Amino acid sequence: MQAIASEFNPKIAQLLQECGQQIEVLSQSFVVDEKGPGDYVTNVDRYLDRRLSAEFREMFPRDGIITEENASSRPLFHQGYERLWCIDPLDGTEGLVKGRQDYSVMVGLLQDYQPIAGWIYAPARARLYYGGYDWGLFEMRATELPKAILPKSPLPPSASYCPVQIGYQDRKTYGEAITQHIPNIQFHSLGSFGLKVLEVIFGRVGLYFYFNGRVKLWDTVGPIALAQRAGLVCCDVDGQPLEFSPNAIDPDSLAHLQTIVIGWPDYVEALLPGLQRAVRQVNRVGRR
């Protein structure tokens, strides 16, 4: 089963590339607000959100379209759509605000509450990564033809080699405890959720985990569709498969109620027990 009719993928690819190019232009005079502590939004996010919403509604009028900056779109998750497009116009806004280049434009497709396709455009790299269930994984640079992505597993974890991706907030909260229980662990960090997942797919790290409870559907659907297609394990810290059905998602914010672990099987098997102990340790301290 191909996720979408073949004529739509070039349109989506062109749209995401154009939005990525607009970020550099618009960010020269962007205005920054905070939706919450450390949760930034800019006029760039809002402009791209409006454009992507309009374009996807035109391409897929029968589907639900959920976007990060349009709060009124979130109830669509509960309205029985067979297919839901989950769109993050600017994933990693903090990176843009602070002058880094680790941000992306992301789109994911849920069908019957399962992630089946994803698109991640990284403007700083001028590369689009896309694919999904029974479709394949592809990378496209500018106007070049797409080429297949061959996922590459890293070297197995050892006493001297154990690279993982961790978010800045999770490292602040859990980093010390994780290091106590997994002394050989080596932390790496990027801004965008999607770019972190790509680091695992390409084998530059063995695993990515996200524990702080703020990640939403528009952050996860596209990257996890790619991760599943790459053969990665996608579970929570207890080893349970990730779910995208309403009982696993906060009804108002659309945040995941599960913690998130995405990794190569040998890394998940080796590191999950230590991650579990670290989370329990931090949670015990937090409850005192």
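The values are calculated or read from the model by the stated rules, or taken from the named source; none is laboratory data. These figures come from a predicted structure and were not determined experimentally. Positions of Cβ are backbone-derived with ideal geometry, glycine not excepted, and every protein chain shown enters the neighbour counts. With ligands, DNA and RNA removed, areas are computed over all heavy atoms of the protein, side chains included. Shrake-Rupley method; radii C 1.70, N 1.55, O 1.52, S 1.80 Å.
Within the bounds of the range 248-265, is there any residue that is in contact (Cβ under 8 Å) with a residue 40 or more places away in the chain, assigned to a helix (DSSP H, G or I) and in contact with a helix residue (DSSP H, G or I) (Cβ under 7 Å, 6 or more places away or on another chain)?
no
From the list Val197, Val205, exactly one residue is crowded, with 21+ Cβ neighbours inside 10 Å and in contact with a His (Cβ under 9 Å, 6 or more places away or on another chain). Which is it?
Val205
So, of the residues in the range 164-215 that are in a strand (DSSP E or B) and hydroxyl-bearing (Ser, Thr, Tyr), which turns out to be nearest to Val237 (Cα to Cα)? Give the steps one after another, and end with the answer.
Filtering the range 164-215 for residues in a strand (DSSP E or B) gives 164-166, 186-188, 207-210.
Cutting the leftovers down to hydroxyl-bearing (Ser, Thr, Tyr) gives us 208, 210.
Working: Tyr208: 11, Tyr210: 9 Å.
It comes out as Tyr210.
So for the range 155-163 (the condition being part of a strand (DSSP E or B) and polar (S, T, N, Q)), does at least one residue qualify? Reasoning before the result, please.
Quick first cut of the range 155-163, residues part of a strand (DSSP E or B) only: 163.
Adding the requirement that they be polar (S, T, N, Q) leaves none.
No - not one qualifying residue is present in the range 155-163.
So which of Leu190, Leu198, Leu155, Leu145 ends up being touching a helix residue (DSSP H, G or I) at 6+ places or on another chain (Cβ under 7 Å) and either closer than 20 Å to Ile260 by Cα or not β-branched (Val, Ile, Thr) (or both)?
Numbers: Leu198 fails: touching a helix residue (DSSP H, G or I) at 6+ places or on another chain (Cβ under 7 Å); Leu155 fails: touching a helix residue (DSSP H, G or I) at 6+ places or on another chain (Cβ under 7 Å); Leu145 fails: touching a helix residue (DSSP H, G or I) at 6+ places or on another chain (Cβ under 7 Å).
Within the list Leu190, Leu198, Leu155, Leu145, the selection yields Leu190.
When only residues in the range 225-242 that are open to solvent by 50 Å² or more (accessible area, probe 1.4 Å) and in contact (Cβ under 8 Å) with a residue 40 or more places away in the chain count, which is farthest from Phe187 (Cα to Cα)? Let's see the steps before the verdict.
Within the range 225-242, the first condition is being open to solvent by 50 Å² or more (accessible area, probe 1.4 Å), and the residues that meet it are 228-229, 238, 240-241.
Adding the requirement that they be in contact (Cβ under 8 Å) with a residue 40 or more places away in the chain leaves 228-229.
Working: Gln228: 23, Arg229: 25 Å.
By that ranking, first place goes to Arg229.
May I ask you to list pairs of residues, at least six apart or on different chains, whose Cβ atoms are under 7 Å apart, with the first in the range 31-52 being within 11 Å of Leu90 (Cβ to Cβ) and open to solvent by 50 Å² or more (accessible area, probe 1.4 Å) and the second being part of a loop (DSSP other than H, G, I, E, B) and at pLDDT below 65?
Pairs that qualify, where the first residue is within 11 Å of Leu90 (Cβ to Cβ) and open to solvent by 50 Å² or more (accessible area, probe 1.4 Å) and the partner is part of a loop (DSSP other than H, G, I, E, B) and at pLDDT below 65: there are none.
Which condition does Val197 not pass, out of (1) within 27 Å of Gly64 (Cα to Cα); (2) free of Cβ contacts under 8 Å to residues at least 12 places away in the same chain, if it passes all the others?
(2)
Within the range 116-150, count every residue that is open to solvent by less than 70 Å² (accessible area, probe 1.4 Å) and in a loop (DSSP other than H, G, I, E, B).
Final tally of qualifying residues: 7.
A quick yes/no check of all residues on (1) assigned to a helix (DSSP H, G or I); (2) modelled with pLDDT of 75 or more; (3) over 27 Å from Ser189 (Cα atoms); (4) of a type in the set (A, V, I, L, M, F, W, C):
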| position | (1), (2), (3), (4) |
| --- | --- |
| Ser6 | no, no, yes, no |
| Glu24 | yes, yes, no, no |
| Glu34 | no, no, no, no |
| Asp45 | yes, yes, no, no |
| Leu52 | yes, yes, yes, yes |
| Arg57 | yes, yes, yes, no |
| Arg62 | no, yes, yes, no |
| Ser73 | yes, yes, yes, no |
| Pro89 | no, yes, no, no |
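For residues that are under 17 Å from Pro273 (Cα atoms) and of a type outside the set (A, V, I, L, M, F, W, C), scanning just the range 171-180, find the one that is most open to solvent (accessible area, probe 1.4 Å). Break it down into steps so the answer makes sense when it comes.
Of the residues in the range 171-180, the ones under 17 Å from Pro273 (Cα atoms) are 174-180.
Retained after the next criterion (residues that are of a type outside the set (A, V, I, L, M, F, W, C)): 174-176, 179-180.
On the way: Tyr174: 25, Gly175: 5, Glu176: 142, Thr179: 60, Gln180: 105 Å².
This residue is Glu176.
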